[in-house]
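To start, the structure itself, in structure tokens.
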Protein chains: 2
Amino acid sequence: MSLKPFATPWPPPAEMGKPKRSIDELYAAARGGERRALGRLLSIVERGGQDADQISDLAHPDAGRAHIVGITGAPGAGKSTLVGQLVRDLVGAGKKPAVLAVDPSSPLTGGAILGDRIRMDDIVDPGVERTSAFIRSMATRGHSGGLALAVPLAVRLFDAAGYDPVIIETVGVGQVEVDVVGAADTAVVVMTPGMGDAVQANKAGLLEVADVFVVNKADRPGANDVRRDLDLMLDLSHMTGQESETGYRPPIVMASALNAEGSEEVWATVEKHRAHLDESGLRATRRQHRIRTEVRARLAQAMAAAAEATMDGDGATLLRQAEAADISPTQATNELLTHLLNKGPAS
Amino acid sequence: MSLKPFATPWPPPAEMGKPKRSIDELYAAARGGERRALGRLLSIVERGGQDADQISDLAHPDAGRAHIVGITGAPGAGKSTLVGQLVRDLVGAGKKPAVLAVDPSSPLTGGAILGDRIRMDDIVDPGVERTSAFIRSMATRGHSGGLALAVPLAVRLFDAAGYDPVIIETVGVGQVEVDVVGAADTAVVVMTPGMGDAVQANKAGLLEVADVFVVNKADRPGANDVRRDLDLMLDLSHMTGQESETGYRPPIVMASALNAEGSEEVWATVEKHRAHLDESGLRATRRQHRIRTEVRARLAQAMAAAAEATMDGDGATLLRQAEAADISPTQATNELLTHLLNKGPAS
């Protein structure tokens, strides 16, 4: 029996008869510029597990060149419209940008990214996107741990595949998202009049991680109030010594992404921050912080797996005692912890 | 030198000259009905640490009577207005309800609870609140781990102090909040027309944890659409076998909390679910699930602390190698994990 191409469009003719490629082969193809191979590797990264770890180890020596930019803000702040314009500008300037749009799958706000995605598609010409830029959405399917592991790996892969800058876009609604953006080389926080004001951003820890502020929808009433509030907060953090020791003060850029105003100034400000990182030697510090954050997340996940194994294995009796109220949850925890750290996970 | 009361209003005269009470003394006073002692214990619980663990161990044998009700929904769904009415109804019926309003301090949405709180105060007469009910907000100060530890402990404390029911109110914007509500005896999900629709709730895993649905603002256009969507989803989950094996189908209650309509039916439906838990024997299952969730959260926090200690101690060299890109993050993680699980945390 001979295998012949079908007349159906799926699987695509180009794939017909080809054996499934190994991760090594996919990686080599992605490094060589094959977009489909990169897309497949990103899907594996999204799923996590040992295959994802293999990709991480492959990409690790080849990465380290790209400038990593995190962009966050409340749903509806116009992040994706802005990112779409940045991509268009960057491609026009001969760059090869990648965008990782993180969909936190956040309960009851999960729809925000999808709407934004459509707007980004309006701005970025599909032809351009197919040649010089790579835009990818990544969902976390409900477990925030997955996000903390998959994002640094996807960034490493984009970096190793020659994309620069790598832009991470995320809705700033959770600590993990703030951590992801805070681990970038340059963290951009997008604010708008009337929602997600400066006080909220401060509470969320966004002021601490921001390197550049964008007040988007600057044509709306209240934009100057947002700017003034931000300025005041920055003054306060300067006085209390929370600001960077290098004297860097996060600039505030007014923009109106929907009217295509401000994206060039946003990028010029990001570039200024990039120069500041190089001059001050802070680039290495950022990189170290990023690695530490990634290792911490990986370790937490591995330890949680070990804890689950213990709770199902050797520690099941302890857990049943706690469930039956014979011992307190704190006692059960302490004994499980001792067991876990002294004997390793139940196997 | 003798200590005399000052003429200033602070510290309050009643406290003057009293030595600071121990946790045991505070606990005994709270059990005896002293509200100020209970408030202090809740503050300690919120801060976490060993003192909080001591309170947990004290309260553990005295708790187990209260019916625990979780109420969640998107910001602005009218949860607090509804909870305020439930409290008023319950106090009127001679009950002693406690409310724990969890402020997730979520970046850029953190303001929702504060606004709701003001509305709840409009509904619950301060005199009533001072005598029969206890309403407490709890913030997590940015670390979601704190929420997962503090909420079960605060609930245990309310329970031990004789409050029943204990209502946990939370904005359904994160996995931790969904977990908290899902660990209650009865989980109530509040929906409204036009926001946080059934598809989003499904995505967020809220349909899986819900025991009672409330369609609030039922006087608004689209309320019947929300109900129909929910019904359809419940039909689907029934067909695919996701629904409870006991044949319980979460009822949908139409309400208009702002017009004081529906709160009595909501509570009657919660009581029906309570009866279902007792008849089906599911109450014990819920309790076990709750303990397991709490122990898991405690264990995760303790292990994270051990991991941090290792990263700062014996594992610092490994981490520096990863930061310097001499080894990959996966390698560093695996070696740190081996170290951690075989030798215990660096001391």
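The values are calculated or read from the model by the stated rules, or taken from the named source; none is laboratory data. What you see is a predicted model, and the numbers here were worked out from it, not measured in a lab. Glycine also receives a Cβ, built like all others from the backbone with ideal geometry; neighbour counts cover every protein chain displayed.
Residues that are farther than 18 Å from A:ALA304 by Cβ, more than 16 Å from the chain's Cα centre (by Cα) and either modelled with pLDDT of 90 or more or within 14 Å of chain B (Cβ to nearest Cβ) (or both) occur at least once in region A:126-149. Candidates in region B:183-224 are the residues that are facing another protein chain (nearest Cβ under 9 Å) and surrounded by fewer than 24 Cβ atoms within 10 Å (Cβ to Cβ); of these, the one that is modelled with the highest pLDDT is B:GLY205. Evaluate the following for A:ARG298: is it among the basic types (Lys, Arg) and without any contact (Cβ under 8 Å) to a residue 60 or more places away in the chain? It is false that A:ARG298 is among the basic types (Lys, Arg) and without any contact (Cβ under 8 Å) to a residue 60 or more places away in the chain. Checked against the criterion of being on the phi > 0 side of the Ramachandran plot and touching a residue at least 24 places away in the same chain (Cβ under 8 Å), the candidates B:GLY49, B:GLY64 yield just one match: B:GLY64. Looking only at region B:60-102, count how many residues are surrounded by fewer than 23 Cβ atoms within 10 Å (Cβ to Cβ) and out of contact with any Asp or Glu (no Cβ under 9 Å at 6 or more places or on another chain). Number satisfying all stated conditions: 6.
Among the candidates A:THR246, A:THR269, which residue alone is of a type outside the set (Gly, Ala, Ser), farther than 30 Å from B:MET303 by Cα and at pLDDT 90 or above? Exactly one of A:THR246, A:THR269 is of a type outside the set (Gly, Ala, Ser), farther than 30 Å from B:MET303 by Cα and at pLDDT 90 or above, namely A:THR269.
When the helices (runs of 4 or more DSSP H) confined to region A:246-347 are screened for residues that are at the interface with chain B (Cβ under 9 Å from one of its Cβ atoms) and crowded, with 17+ Cβ neighbours inside 10 Å, those reaching at least 1 such residues are found at A:282-312, A:316-323, A:329-343.
Determine which member of the set A:ALA52, A:ALA37, A:ALA63 is more than 20 Å from the chain's Cα centre (by Cα) and within 17 Å of A:LEU100 (Cα to Cα).
Numbers: A:ALA52 fails: more than 20 Å from the chain's Cα centre (by Cα); A:ALA63 fails: more than 20 Å from the chain's Cα centre (by Cα).
The conditions single out A:ALA37.
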